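Take a look at the structure set out below.
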């Protein structure tokens, strides 16, 4: 969050806040590292899906590697560049689970939302970096949608109470 929270938003974090955030990131990373592994594109979103000649083409796959089974689905369905309504999101997740034969939809959704928190916070960092370090403010237009995704998931799960309090103290869109 250095590039978004501190550089882009100008937040000044206290040492206890820094430590609490580090603890939160560690807990999230630990849980995500225990998820089932599959081959992940790792940048699977609307801008990397092209249709030409009536066929779908996937581009920008040089970072593909094994990763959590929720990673690419989160990248696509919680894409910072496009928005889906809640009913569309639910229908697409249900369709994915039906195809996959996933018996525990609630557990998958919890893991999906956890990955969305990580992925969307990472996107905010990238957007902040592009704006402040690279001098490319065009990504700032995607921050409100991404913040909305983060806020929804931080609100949905009590385990994120502390994370929401800390981030919300510096980012009004995430305030409790």
Legend entry - Residue that is surrounded by the most Cβ atoms within 10 Å (Cβ to Cβ), among those in region 107-128 that are over 21 Å from residue 8 (Cα atoms) and touching a residue at least 60 places away in the same chain (Cβ under 8 Å): 115
Inset, instruction - Please state which of the following conditions residue 133 fails to meet, knowing it meets all the rest: (1) loosely packed, with under 14 Cβ neighbours inside 10 Å; (2) without any contact (Cβ under 8 Å) to a residue 24 or more places away in the chain; (3) farther than 30 Å from residue 98 by Cβ. - result: (2)
Inset, instruction - Could you check how many residues of region 95-106 are assigned to a loop (DSSP other than H, G, I, E, B) and either at pLDDT 95 or above or surrounded by 11 or more Cβ atoms within 10 Å (Cβ to Cβ) (or both)? - result: 1
Legend entry - Residue check, residue 45 under 18 Å from residue 125 (Cα atoms), in contact with a helix residue (DSSP H, G or I) (Cβ under 8 Å, 6 or more places away or on another chain) and surrounded by 16 or more Cβ atoms within 10 Å (Cβ to Cβ): yes
Legend entry - Looking only at region 60-87, and only at residues there that are within 17 Å of residue 153 (Cα to Cα) and in a helix (DSSP H, G or I), the one that is farthest from the chain's Cα centre (by Cα): 87
Inset, instruction - Look at residue 92 and say whether it is buried (at least 16 other Cβ atoms within 10 Å of the Cβ), modelled with pLDDT of 95 or more and either within 28 Å of residue 140 (Cα to Cα) or under 16 Å from the mean Cα position of the chain (by Cα) (or both). - result: no
Legend entry - Number of positions in region 152-167 that are more than 16 Å from residue 25 (Cα to Cα) and surrounded by 15 or more Cβ atoms within 10 Å (Cβ to Cβ): 1
Inset, instruction - Name every residue in region 14-37 that is within 17 Å of residue 107 (Cβ to Cβ) and in contact with a helix residue (DSSP H, G or I) (Cβ under 8 Å, 6 or more places away or on another chain), in order of residue number. - result: 28, 31, 32, 35
Inset, instruction - Scan region 145-159 for residues that are within 13 Å of the chain's Cα centre (by Cα) and touching a residue at least 12 places away in the same chain (Cβ under 8 Å) and report the count. - result: 9
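The values are calculated or read from the model by the stated rules, or taken from the named source; none is laboratory data. Note that the coordinates shown come from a computational prediction; the quantities given were computed from them, not determined experimentally. Note that each Cβ is placed from the backbone with ideal geometry, even for glycine, and that neighbours are counted across all protein chains shown.
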